[in-house]
Amino acid sequence: MKEQEEVTNGTVAVETEVAKKDFSFRSYAWKQFKKNKAAYWSYKVLLFLIVLALLAPLLANDMPLYVRYKGYSFFPAFSFSNKIEVKDPETGNIEILQLDIADWKRLDAESIIFAPIVYSPNKSDLLNAEYVSPGGEQLFKNKEGETVAMPTRFRHWLGTNKRGEDVLAGLIHGTRISLSIGIFSMGIASLLGISLGAMAGYFGDRRLSTTRGSFWTFVIGLIFAFYYSFIMRTYKLGDALASSGVSIFFELFISLLIFAVITTTFYFLGKKVGKIKFFSKQVFIRVDSIISRTIEILISIPNLLLIISIAAVARPSMLNLMMIIGLTNWTNIARLTRAEFLRIQNLDYIQAARSTGLSEFKIIFRHALPNGLAPGFVAIAFGVAAAILIESSLSFLGVGVPPETVTWGSLLNAGREQFSAWWLVIFPGLAIFVTVTVYNLLGEGLRDALDPRLKK
Amino acid sequence: MLRYILRRILIFIPTLIVITLLGFIISVNAPGDPIERMVTAAQSGGEVGTQTINQIEQKKFWRKKLGLDLPIFYFSISSLSRPDTLYKVFDKNEREALDRLVDRYGNWEYISEYFLSLNNFYNSVIGFKPDTTLIKEYDQNAVIETINQVKFEALALKSTYQHNMIEAKFTKLSLLLAYYPFLSKFQAPLGNVHYKYIDVEKNSSTWKNYIPKMNFYAKNQYHRWVFGDGNWLTGEGSQFTKGLIRFDFGTSYVTKQPITDVIGAKIGWSMFFALLSVVLSYFVSIPVGVKAAAKRGSRFDRTSSIVLFMLYSLPSFWIATILLMTFANPDVIHWFPASGVKPATGYPETASLLDRMLISLPYCILPMICYTYSSFAFLSRTMRVSMIEIIGQDYIRTARAKGLPENKVIWKHAFRNSLLPIITVFAHIFPAAMGGSVILETIFTIPGMGYETIFAFQNNNYPMIIAVLTITGFLTLVGYLISDVLYAVVDPRISFSR
């Protein structure tokens, strides 16, 4: 059918040329992916969610985007400073507007443009506290100070919680947290998972060999490196971490630098040591065994419990949470990447590359990796879904998330206190569900698109 | 076969060791001093900055009981400048202050002298009771206030390590001591302490920090935690703990009870829900998966696929909350009780086991639904995929070609082989059920390990958290072992004799 259409539409030659040009695996996979309606739609939903997350402060903000007040124009939502001085042109009095607590909705401004949702997630609307439902009666204090029914523009579209915080605003800002947790933690996990999986699959147990001397020299070097970069600098690092600033990155950088310098020194030293007779015996580094065992151990501990245990001793912060989730969730990625690399390292083109004398490093990164990423990608998509689920479970339990942060899970948890406030349960849960489903569908679509062998 | 199982168990041991290490590392890094919490929580009050003799004794006792007077691990890497006895210093803050001083000056000989003289000074200040005749002429409250301040400053000095702060504290102390003539007898000792500190500064030997040194300890906290404080193999002569290998997980920071007792009372419900839910989901998911695969592309297949996929993505805490909100809510439908596993008043005394089960049944239905549905979705999908794979094989085509009825082909020939993957995933479902219990037990207030974990988390009861982590890790390993062995039993193609 399609071919016929193409022919009738004309120029067959051009068509084949395009086809020739486009015959890369990437375009093939993209075409396959597009055919999968559910996956394609979830891709679009995901794009929408990302836009929502990026624009969250513009979409839901109690500070107006633009105000013209007594002849002055300003943009509170974009402002870095928290104070604006306004001089009354008639009386000459100076009025100081504190941006985050000013009552913008009752301000006598000449013109004012609000964000679509006129509330911020953490700000209480005291008039509408104690669980006001989305369809229920909402109150508003107008400019004359009278309490009237809520104007449609300022409605709490999805109701409020006990403290009168807007649920929709919380949901929009929660998108930000959930997506960034998912993406960053999986970023860490995929770095770990892909590199470890690739190493395990490519080197196996018997490909990476070295002399006995250089092996033990390197191990000793590791101890020294660890000593000089971390043990000796414990207090420097600890104080930098406690001071909460960029200094921790600086100190960490120095530590890593020291580590790198010492290990490389010992690496070259080891080459020399390896020439001595007793130390020149070849030993195999059982990369695959080590990494596979590590994975085995990690998956035998219930993930959520492990994360709760680590969160119990770490300070509650989003950054910590991302790191914890990332460091505990790389196993699936590693396992799939390992399997793929096991397959790839036996293929002819890798053998050919090896026979030309390319370095292992180059073979892995230039030749094997581009080919072996596909299963990892699938695992990453599923992993993001899992990470979002973990984050929302944790914030639902109130574990590891700073208490003032509004997330989907914490909103849902608030609904548990008052069952009549169904909107606090339904909407955040729906948001989690949709996001998780989108990523899962995406993962399925990717798997079908990237792995032609699965096709019937 | 037996050899395979033995080998499998041998692999099991290092994995278990790593899990205990992991738990231990986490617990060592726990913030705060447990002793401080346990003792001051018991009896707060008293003068500022002072500790009663009773309190000190209690602290000593608890330090010994929890094994905190031991070094942490079998070995430690420190510097030449560091003494290998620093762990014996009583107070966590003082220990850190000393360690930081060593880190800065590198001369333990001088630092220890400084610290000893400071300790002596502190003890003499603490023991000082002003003679009533001496303070007659002064304002009594002011005198007591000043003495308290002296005591407080002296205590604070012991855990201070910044140079400026130490100097400031010395100045402040000597100012305070100058207030009243009867305090002036402390000036000389204070000056002595100060000299010692200046000595430390003068004779710094920071080069010692650059030379690493390894210390080895046969008795340490990890060893004690795993093997108890008696004989490591037989457990004889143990005083406070028999060790992990004899299922002694230490003492709860909150109730001060043995953790084993607490967990023993809780693990039943957790295991009940986890195991029963796995069994239930196997029972439901196998027919669903087989049917979907047998009629691939049919309406049943398509709808069940979609439904299962949705179920798979549904967060269990959401469903649990919605279920509670709908079916355990007096305002909507009140079919089930909202929390617990039995009536608040307990079972009636005459109730038999069957009666008790009947009483508990309505409590268990909602949690069971939540426990089951997610693994059910996962299992059905796995079953379907493996069944489809099997149906595509040649021997099934042969079976069909020779005219066997479809029913027989599916259930007799295909089904058995397609069971294999589903057996292996048991090992994945079980930890998921145990981990999921944290959320579901909290929502339904089921008195199990998961709920206990969250309770422990809220109370910084680290030994409990680590105990739960270790136990679940252990149970999961057992799950893996069982599924591996089952796999070998079911599939004769797999030989493990290698």
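Just so it is clear, none of the values below were taken in a lab; they were calculated from the coordinates. Computed from a predicted structure; not experimentally measured. Glycine gets a Cβ as well: all are built from the backbone with ideal geometry, and neighbour counts include every protein chain shown.
Based solely on its DSSP helices, what 222 nm [θ] is calculated for chain B when runs of n ≥ 4 H residues each add -39,500 (n - 2.57) and the sum is averaged over all residues, nearest 500 deg cm²/dmol?
Values: 18 runs with 319 residues, N = 498.
Calculated at 222 nm, the ellipticity per residue is -21500 deg cm²/dmol.
Apply the a/c threshold of 1.5 to the C-alpha gyration tensor of segment B:36-216 and tell me whether it is rounded, prolate or oblate. Since a/c reaches 1.5 but b/c is at least a/b, the shape of segment B:36-216 is classed as oblate. To test your reading of the geometry: what angle, between 0 and 90 degrees and rounded to tens, separates the Cα axis of helix B:92-105 from the longest principal axis of chain B? Long axis of B:92-105 versus the principal axis of chain B: about 70 degrees. Fewest neighbouring Cβ atoms within 10 Å first, the residues A:GLU95, B:GLU94, A:GLU165 line up as A:GLU95, B:GLU94, A:GLU165.
Taking only C-alpha pairs under 8 Å that are 6+ residues apart, what is the relative contact order of segment A:209-284 in percent? Walk me through the numbers before you get to the answer.
Values: 81 pairs, mean separation 45.9, N = 76.
Here the relative contact order equals 60 percent.
Annotation for A:LEU208 and B:LEU358: the two label points, set 7 Å from Cα along the Cα-Cβ direction, are 6.4 nm apart.
Working note: Karplus 6.51/-1.76/1.60 with θ = phi - 60° gives segment A:60-76 the couplings 10, 8, 7, 8, x, 6, 8, 9, 10, 9, 6, x, 9, 10, 8, 10, x Hz, where Gly and Pro are set to x. The long axis of helix A:303-313 is offset from the longest Cα principal axis of chain A by roughly 70 degrees.
A simple count of charges around B:LYS64, restricted to other residues whose Cβ falls under 13 Å of its Cβ and scoring Lys, Arg +1 and Asp, Glu -1, yields +4. Put a plus charge on the Cβ of each Lys and Arg, a minus charge on the Cβ of each Asp and Glu, and nothing anywhere else: the dipole of segment B:289-357 about its Cα centre is then about 580 debye. Compare the Cα positions of A:GLY213, A:ILE248, A:THR265 along the charge dipole of segment A:209-284 (+1 at Cβ of Lys, Arg; -1 at Cβ of Asp, Glu; about the Cα centre) and return the one farthest towards the positive end. The listed residue farthest towards the positive side: A:GLY213. A simple charge model with +1 on the Cβ of Lys and Arg, -1 on the Cβ of Asp and Glu and nothing else charged puts the dipole of segment B:36-216 at about 500 debye relative to its Cα centre.
Can you tell which of B:PHE240, A:ALA386, B:MET383 lies farthest toward the positive end of the dipole of the protein assembly as shown, using +1 and -1 charges on the Cβ of basic and acidic side chains (Lys, Arg; Asp, Glu)? The Cα lying farthest towards the positive end belongs to B:MET383. Sorted ascending by nearby beta carbons within 10 Å, beginning with the fewest, B:GLU36, A:GLU340, A:GLU144 become A:GLU144, B:GLU36, A:GLU340.
Note on B:ASP394/B:PHE327: beta-carbon distance plugged into 1/(1 + (r/R0)^6) with R0 of 60 Å gives a FRET efficiency of 0.75. Across segment A:388-403, computed HN-Hα scalar couplings (Karplus, 6.51 cos²θ - 1.76 cosθ + 1.60, θ = phi - 60°) run 5, 5, 5, 4, 6, 5, 5, 6, 5, 7, x, 10, x, 10, x, x Hz from first to last residue, x flagging Gly and Pro. Rounding to the nearest 10 and keeping the result within 0 to 90°, find how far the Cα-based axis of helix B:140-158 lies from the longest principal axis of chain B. Approximately 60 degrees, to the nearest 10.
Phi angles of segment B:464-472 translate, via the Karplus equation with coefficients 6.51, -1.76, 1.60 and θ = phi - 60°, into HN-Hα couplings of 5, 4, 5, 4, 4, 4, 5, 5, 5 Hz per residue; Gly and Pro are given as x. Averaged over peptide A:289-302, the number of partner chain Cβ atoms lying within 10 Å of each residue's Cβ comes to 5.
Here segment B:254-268 and segment B:176-228 have alpha carbon centers that stand 40 Å from each other. The ranking of B:MET38, B:MET310 by Cβ neighbour count inside 10 Å, starting from the fewest, reads B:MET310, B:MET38. Round to a whole angstrom and tell me the spacing of the C-alpha centers of segment B:273-306 and segment B:346-393. After rounding, the separation between the Cα centres reads 13 Å.
Amide H to amide H distances under 5 Å link B:GLY340 with B:THR445, B:ILE446, where only residues 5 or more positions off or on other chains count and H is placed in the peptide plane. Restricting the calculation to alpha carbons of chain B gives Rg and Dmax of 32.5, 117 angstrom.
Evaluated with a Cβ-only charge set (Lys, Arg +1; Asp, Glu -1), segment A:209-284 carries a dipole of roughly 620 debye about its Cα centre, given to the nearest 20. A Förster distance of 30 Å, applied to the separation of the beta-carbon atoms of B:GLN140 and B:ASP69, puts the FRET efficiency at 0.15. Here's how it looks for A:LYS141: its modeled amide H is under 5 Å from those of A:VAL148, which are all 5 or more places away or on a different chain. Under 5 Å between amide hydrogens, built in the peptide plane, is the criterion, and for A:TYR69 it picks out A:PHE74, A:GLU110 among residues at least 5 positions away or on other chains.
Distance from the Cα centroid of segment A:311-348 to that of segment B:128-150 is 64 Å (rounded to whole angstrom).
Treating the protein assembly as shown as a set of equal point scatterers at the Cα positions, no solvent, please give the Debye-formula log₁₀ I(q)/I(0) at q = 0.05 Å⁻¹. Values, matching the q order: -0.41. Dividing the helix sum by the residues of chain A, where each DSSP H run of 4 or more adds -39500 (n - 2.57), gives a mean residue ellipticity at 222 nm of -18500 deg cm²/dmol.
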